[in-house]
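Asker: Handing you a structure now.
What follows draws every value from the coordinates through simple rules; no lab data is involved. Source: prediction; values computed, not measured. Please note: Cβ atoms are built from the backbone with ideal geometry, for glycine as well, and neighbour counts cover all protein chains shown.
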Amino acid sequence: MTLLIDLVDQVRDLTDAGAFKAMAEQLRGHAEPAFAPEAPIDELRAGVAASRAAAELEIGARALAGVPGAVSEEASQLLSNVGHLQCINAQARLAMYAIPAQFAAPADGLSGAALDNPAVLEDIASSDPADFETLRNISAYHREHARFHAHYWMERGAELAREASKIKLIGDHWIAGGGPKPDTGLDYTDIRFRAAPCTDLNVFQAIHDIGILFLEGAGEPPEIGILKTRLGDLSTEIGENGRFLATMMGGAWERESMMLAPDLIIAAWPRLQVVASNWRSALGMVVMGRLLDGVLARMNSIDFAPAAVRADMGGAGTRLRDAGWALDMAAKISAETGSFMADNDWRYARYAAFLSDKF
C-alpha cells in the first residue's frame, strides 16, 4: 500500500457518524487483501494499521451518532469530543502507513442519528436510584476484572513476542545460509545416529534459549508443532472473546449514556472513555485473532523436515521470518490492550468517586 492520503485533511470537515462509518468501511476494504497468507509482510503491516484505524473511527461514529439527540449542549460537546478523539487515534494508527483511498460521502439520508437506535434518552434525571446502584456495581466489579486483564494481556504480549523472536532468529539464520554443513557420511536412519543435530539448520548459541532443535533423523521439531497448536488455540479464543466484548460494549454505551444528563455530565467523560477503550481493545482482539491465523498459515506453508528446508533454505527462512514479524504485530496489539486496560483504572476511580458523592 502506498502513502497517498493525508487523513488529517480528510476528517477536518467530518461532523457526522455517517462520514466516520463510510471512512471506516473504506479502510477495512483496503485492509482485507492484506490478511491473505500470501500477502507481503509490508502490506500486512499496513492492513493491520488500517483495520485498527477503522476500529477507532467506528467508535467515533457511535459517539457522533448521539450528538443530534443529546440532552444538553454539554452532552453534545462531550460526545463530539469523544468522536474527534477517536479520529485522532485513527490518525495515529496511520501515522506510518497511509492507505490509498478516496473516502466517499455517506449515502443520501444516512445521518448520524439514522445509524443508531433512534430512541432518545428520556427522563434521565428522574431515574430510579437503583439504576445508579447497578451502575456502581458494574463499574466496581469490572474495574477489578480490568486489573486482571491489564497484566494478562501484557503477559500474553510478552509470550507472543518471545515466540516471534524464536522463529525470526531461525528464519534469519536460514536466510543467511545456515551453519556448518552436516556430515553426509552417516546413515541418519540408523537409530544410533537419528539424534544427530542438523548443524546447518540449528542456531547453536541460541538452542538453550529458544528450545528448538532440528535433528537429522527426525522431521518437524516437536517444539514447532506445539507452537502451531498453541497459535491455533489462541486465534480461536482471542477472536471469539473480541467479538463478544465488542457486542457487550455496544450495550455498555447505551447503559452509560444516562450519565449525559446535565447533573451527571461530569462523570460521563471517564466512564465513556472506559467503554471506548474496552471497545477498542475488543476490536483489536479480532485483528489479533486474524493475525494469529495468518502466522499459522505461513508456518504451515513450510515443510520443517531437514531435507525440505535444505531444498529452499532461503525461501523457508523468509516465510518463517515473515511469520515472526506478523506475530510481533499480534504481540504489540496484546500489549496495547493491557495498556488500555491499565489506563482505565483511574477513570473507573474518578467515576466511582462521583457516584459516591452524588448518591
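Asker: According to a simple spin-label model (label point 7 Å from Cα along Cα-to-Cβ), what is the distance in nm between ALA307 and THR229?
Answerer: Taking the two extended label points, one gets 2.6 nm.
Asker: So, counting K/R as plus one and D/E as minus one, what does the shell of residues with Cβ under 11 Å around GLY242 add up to?
Answerer: +1
Asker: Note down the nm distance, to one decimal, between modelled labels 7 Å out along Cα→Cβ at LEU186 and at ARG162.
Answerer: Label at LEU186, label at ARG162, 3.1 nm between them.
Asker: Taking the 0 to 90 degree range and rounding to the nearest ten, how far is the long axis of helix 313-358 tilted relative to the main principal axis of the chain, both from C-alpha atoms?
Answerer: 30
Asker: In the set [x] 1.10; [y] 1.24; [z] 0.98, which value of Rg/Rh (Cα atoms, Kirkwood Rh) was calculated from the structure you see?
Answerer: Recomputing Rg/Rh (Cα atoms, Kirkwood Rh) here picks out [x].
Asker: Would you mind pulling out the separation of the Cα centroids of the range 233-261 and the range 299-325, in Å?
Answerer: The distance from the Cα centre of the range 233-261 to that of the range 299-325 comes to 38 Å.
Asker: So, in the chain, how many Lys pairs have Cα atoms under 22 Å apart, if the pair is 8 or more places apart or on different chains?
Answerer: Close lysine pairs found across the chain: 7.
Asker: Within a Cβ distance under 11 Å of GLU223, other residues only, what is the Lys/Arg minus Asp/Glu net charge?
Answerer: +1
Asker: Provide the FRET efficiency to the nearest 0.05 for the THR199-ILE138 pair, computing r from the beta carbons and using R0 = 51 Å.
Answerer: The pair THR199/ILE138 has a calculated efficiency of 0.30.
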